[in-house]
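The values are calculated or read from the model by the stated rules, or taken from the named source; none is laboratory data. Keep in mind it's a predicted model, so treat the numbers as computed, not measured. Glycine also receives a Cβ, built like all others from the backbone with ideal geometry; neighbour counts cover every protein chain displayed. Quick note on the areas: whole protein, heavy atoms, side chains included, nothing else; ligands and nucleic acids left out. Shrake-Rupley method; radii C 1.70, N 1.55, O 1.52, S 1.80 Å.
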Amino acid sequence: MLLLANQCCRRLNAFNCAGVWRRRLSTVDNTKINHEDCDIVIVGGGPAGLALAAALGSSPSLRRNLSITLVEGGDLRKAEGWAQIPGSFSNRVSSLTNTSQSFLNRVGVWDHIDKGRTCGIDEMQVWDGISGARIAFSASELDLEKLELGMARLTENFNLQRGLLRRLKDIPEVRLLQRTKVKSIVQDAGEHGQWPLVYLENDRVLRARLLIGADGFNSPVRAYANIPSFGWSYDTQAIVATMTHPPRGAFEGPNTTAYQRFLPTGPIAFLPLSPTVSSLVWSTKPQLSAALLACEPPVLASMINAAFRLPELSVRYLHTRILEAQSSGTPITPSEIQQEILWREQSHSIDQHSIYASANAAATIGMPLEGSEAVPPLVTTLQPGTVASFPLRFNHAEAYIGEGLGARTALVGDAAHTVHPLAGQGLNMGLGDVESLVRCIENAFLLGGDIGSHTSLLPYAQERYLENHILMATIDKLHKIYSTDLQPIVWARSVGLEVLNELDSLKAAIMLTAGSRADNAQRTSATAWNIASKGVETLVAAADASKVLAGGLQNLLSTKLQGLLNTERAPGQQKRV
């Protein structure tokens, strides 16, 4: 961890001091340009940009003294007037940690979110798709003031975006320019040197004391600031869908458990939204994703059930059958896939009344089965129009604030970082950026400083960059470690997972650092690491007792693991963009 921090700091310092990637940006003489002076201009009306505008507008000192404008090229009226038929849910959902919920509550957004379309997560079941090693996280293991809050809360992205827009309606001082694209951004060469000039497609020009990019992966603000980013595309597509299923039985408890199984092709997650509706996020290979989406929806529903229940060998066989049928030009049919699943269950001697049987779903639905909490409910149908897929990538900007010719700029959310969704932390990272940046701007203003200066913005970069980098690196390593079926690595990760599952204090620390408590971030982090240190002491003691057993495997495991982490990406795949 210390090595990772040193590497990250060296990269950040080298970029800030040397500026070796900078290219000269155009400047313009503003004497003949009619422009509007703004203290803060936010580009991007997604959740991060809207949350930033709402948080800035919720600060009395900033709202009364600074001009704040948000520019969005899309039409936000769809999100503002969004309404779903009762019982139906959109296919893009996000997990909001209690820390994120607390922040949204403080800035007045949470009151505008439809709570009936959110679902608290009381428990998480995560397991290895090959060995079956399992870990369970429970809200009951945390000292929460309100246990009903759970570890996190799932909500549709549209529900959050609509709530943010409703909050902004209460803050008329924040100006929202939607359906207005940014045409170009150049540097002012007039009396306000280094101030960005934002040219809009409606011929308006905004001159910004501080320009903030919340404009996604292909950020125009990041391009203007000439901030490079590094990363790669995963050989993975994420399939999303809204699933319907029977309610849990009277002896099973509510549908408030999230499930995730790590298969070599990628993790599959089952996320509850209501007693009878859950959301799917299935990361898998692009060819398999295309083949599944080409099939009839019942085929995908059957494969979801099988992916959570069948041994990995049989899941792999089913993938092969689907790909073969697709390559022949005739996608596999629902009856054919059901027959294949039934045959695989019989070959593994899976009782048809077991929780691991899914081929004859009608025979088990409604029956109280022993151990049924270990797997998600059986999917019966997929909500029409919700099946979709998108590529996954890792991307991290070299810096979060601009300097030199790209000065007076800052990045938040996906403009600064993009991460694999397996931990559900992407939106929470963006909201953490927003909270930190608003605090930084407010402190600078109250001290009489220039809110757009490098000195005023530096605390934001120092607070967020390393924290995000460590989290992103951890998620990336998890993805790689669980993407292999090499036996030494499978053994090591399985033993580690089972040992960790027995250490309640260390599990609590993981949940705390992931934002499961709504306390002050610094205090929560300190508490979490204190608990974690106790867990590590226990692990060290266990390691001392097992040195003799592990000695023979140490060299083999180390070689295999280093090879996996260092060579999984093809040469040239990691790049700066």
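Protein heavy-atom surface of the stretch 146-236, 1.4 angstrom probe: 46% of the accessible area is carbon and sulfur, with nucleic acids and ligands not counted. Consider a paramagnetic label point 7 Å from the Cα of Arg393 along Cα→Cβ; state which residues of the stretch 420-456 have an amide N under 16 Å from it. From the stretch 420-456, the list is 420-421. Remark: accessible surface ordering of Arg92, Arg106, Arg117 (largest first) is Arg106, Arg92, Arg117, probe radius 1.4 Å.
Using r as the Cβ-Cβ distance of Ser233 and Leu486, and R0 as 25 Å, what FRET efficiency do you calculate, to the nearest 0.05? Efficiency, rounded to the nearest 0.05: 0.60. Cα centroids of the stretch 294-361 and the stretch 49-73: 51 Å apart.
Given a Förster distance of 22 Å, report the FRET efficiency between Lys115 and Leu500 from their Cβ-Cβ distance, rounded to the nearest 0.05. Efficiency, rounded to the nearest 0.05: 0.10.
Using the Karplus relation 6.51 cos²θ - 1.76 cosθ + 1.60 with θ = phi - 60°, the per-residue 3J(HN,Hα) values for the stretch 418-432 come to 10, 9, 4, x, 4, 9, x, 10, x, 5, 5, 4, x, 5, x Hz, with x marking Gly and Pro.
Residues whose amide H falls under 5 Å from that of Thr236, counting only those 5 or more places apart or on a different chain, are Leu392, with hydrogens built in the peptide plane. Ligands, DNA and RNA are left out, and with a 1.4 angstrom probe the accessible area of the stretch 236-389 is 39 Å² per residue. Placing unit charges on each Cβ (+1 for Lys and Arg, -1 for Asp and Glu) gives the stretch 360-497 a dipole about its Cα centre, and among Ala410, Ile475, Pro488 the Cα reaching farthest toward its positive end belongs to Pro488. For the stretch 239-252, 3J(HN,Hα) computed residue by residue from phi via the Karplus equation (6.51, -1.76, 1.60; θ = phi - 60°) reads 8, 10, 6, 9, 10, 10, 7, x, x, 5, x, 4, 9, 9 Hz, glycine and proline entered as x.
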